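Report on the structure given below.
The values are calculated or read from the model by the stated rules, or taken from the named source; none is laboratory data. Small disclaimer: the values here were computed from a predicted structure and weren't measured. Please note: Cβ atoms are built from the backbone with ideal geometry, for glycine as well, and neighbour counts cover all protein chains shown.
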Amino acid sequence: MSESAKPPSPGISRTSIYVAAGRAVGAREPDPSVRNPDYLAERLHGEPSTLALDDPAVRALSLSYDEAMKDIEVVNIVRLMTIRTRFIDEALERAIGGGATQVVILGAGFDSHAYRCGELLAHVRVFEVDRAVTQALKKERVNDVLGGPPSNLTYVPIEFQHEDLPDVLTRHGYDPSQRTFFILEGVTMYVPEDALRATLRFVAAHPRGSGIVFDFVYRAMIDMISQIDTTTAPEAAKPFLTRFLDLIRDEPWVFGLPVSREREFLGEFGLELREAFTIGGEESLERYLTKADGTQVGAQVIADAMARKAQGAQAAGQSAPAGQAPQGPQMSPERMREQRRLMAYQMAEAWRA
């Protein structure tokens, strides 16, 4: 059972609570080959009953792992966060192995790298950058469950819309002349394009060998979200869509990268794309979610949900009025895969060329 925490104050990032819950549930996976490595997520997150966020992922912390993973929404966030966390961990290891002496975590939320990667980061300065109100809760949790932060960690409070990132970092002892690795987890979709471009220019101004890892969505996803109308959505999708829109109500998604142009976009800043892939794509499933026995985390729950959806669509088609086509044109498997790719999270790692 995790330690208790006070209810979040107004202004606390609700998405930071949501993703931390997804990491925490994934860290309970019995198979270590597909377990989310963030074993501190649950302790930093706090007792779910005290958190002002009614979401399946948060409620799942009060259930056993097997029971929690019967919910398709829990499965989805656990899979997403496991892939995201493991990819970022691997990129961080490469960065430190390549000589990075500083790590900057932007929009840190409940990020645990500074606390669970102590040996890897022993000779590295870590800067956690976040809004003051979210950071205050994070510091309280760290003090309560870990007895305080490690000596190489510096908290950097910032008002992203009104303060200059390089200036704020420098005031907290940051050295832009050192090789640095940046982590932008769950950040790019929340910031305007000009702000993201400024951040990437800042990253690229560092010495060669500096790098960045981040997740992002394509512009197609941003456009789709802006057009969601829950009143006309399929009944089965309404609860999820309503929760999602409520979750991002105060933290709207505003930016997506141009479709399949990650390399060109990053190249504008002198950053070289090392790797990019679709979260949930075949490569990510094989690398991060395939168990020792060959099965995948949550695969059966997803298959069952898809079967129910297909049965529902078939039933609706059979009950269509006479003379009315039961279904629209069927998408080819290739087109369906492409549509899923455009609407999915993406991961990328890039380096200063």
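Annotation: MET69 fulfils all but one of (1) of a type in the set (A, V, I, L, M, F, W, C); (2) at pLDDT 95 or above; (3) over 27 Å from GLU90 (Cβ atoms); the unmet one is (3). Considering each residue of the range 77-91 in turn, none proves to be more than 20 Å from TYR345 (Cβ to Cβ) and of a type in the set (Lys, Arg).
Among the criteria (1) more than 30 Å from ILE72 (Cα to Cα); (2) more than 18 Å from the chain's Cα centre (by Cα), the one ALA233 does not fulfil is (1).
Checking each residue in the range 74-103 for being closer than 13 Å to ASN152 by Cβ and outside any loop (DSSP other than H, G, I, E, B) picks out ILE96, GLN102, VAL103. Counting only helices (runs of 4 or more DSSP H) that fall entirely inside the range 120-214 and contain at least 3 residues that are crowded, with 19+ Cβ neighbours inside 10 Å, the qualifying elements are 132-146, 193-204.
Could you identify the single residue in THR101, THR85 that is within 23 Å of ARG208 (Cα to Cα) and polar (S, T, N, Q)? Give the steps one after another, and end with the answer.
Values: THR85 fails: within 23 Å of ARG208 (Cα to Cα).
Residue meeting the stated conditions: THR101.
For the range 137-172, name all the residues that are of a type in the set (A, V, I, L, M) and in contact with a strand residue (DSSP E or B) (Cβ under 8 Å, 6 or more places away or on another chain). LEU153, VAL156, ILE158, LEU165, VAL168, LEU169, listed by residue number.
Answer yes or no as to whether GLU264 is among the acidic types (Asp, Glu), surrounded by fewer than 17 Cβ atoms within 10 Å (Cβ to Cβ) and under 17 Å from ARG86 (Cα atoms). Against the criterion (among the acidic types (Asp, Glu), surrounded by fewer than 17 Cβ atoms within 10 Å (Cβ to Cβ) and under 17 Å from ARG86 (Cα atoms)), GLU264 does not qualify. Hey, any hits in the range 46-59 for a residue that's modelled with pLDDT of 95 or more, of a type outside the set (Val, Ile, Thr) and either surrounded by 22 or more Cβ atoms within 10 Å (Cβ to Cβ) or closer than 24 Å to LEU146 by Cβ (or both)? Looking through the range 46-59, none of the residues is modelled with pLDDT of 95 or more, of a type outside the set (Val, Ile, Thr) and either surrounded by 22 or more Cβ atoms within 10 Å (Cβ to Cβ) or closer than 24 Å to LEU146 by Cβ (or both).
Determine whether the range 238-258 contains at least one residue that is outside any loop (DSSP other than H, G, I, E, B) and under 25 Å from ARG201 (Cα atoms). It would help to see each step written out before you state the result.
As a first pass, look at the range 238-258 and keep what is outside any loop (DSSP other than H, G, I, E, B): 238-247, 257.
Remaining after also requiring under 25 Å from ARG201 (Cα atoms): 257.
Yes, the range 238-258 contains a residue that is outside any loop (DSSP other than H, G, I, E, B) and under 25 Å from ARG201 (Cα atoms).
Apart from one condition, GLU42 fits all of (1) under 26 Å from PRO252 (Cβ atoms); (2) at pLDDT below 95; (3) crowded, with 18+ Cβ neighbours inside 10 Å; the exception is (1). Annotation note: of THR154, THR170, THR188, the sole residue that is within 22 Å of LEU266 (Cβ to Cβ) and of a type in the set (Ser, Thr, Tyr) is THR188.
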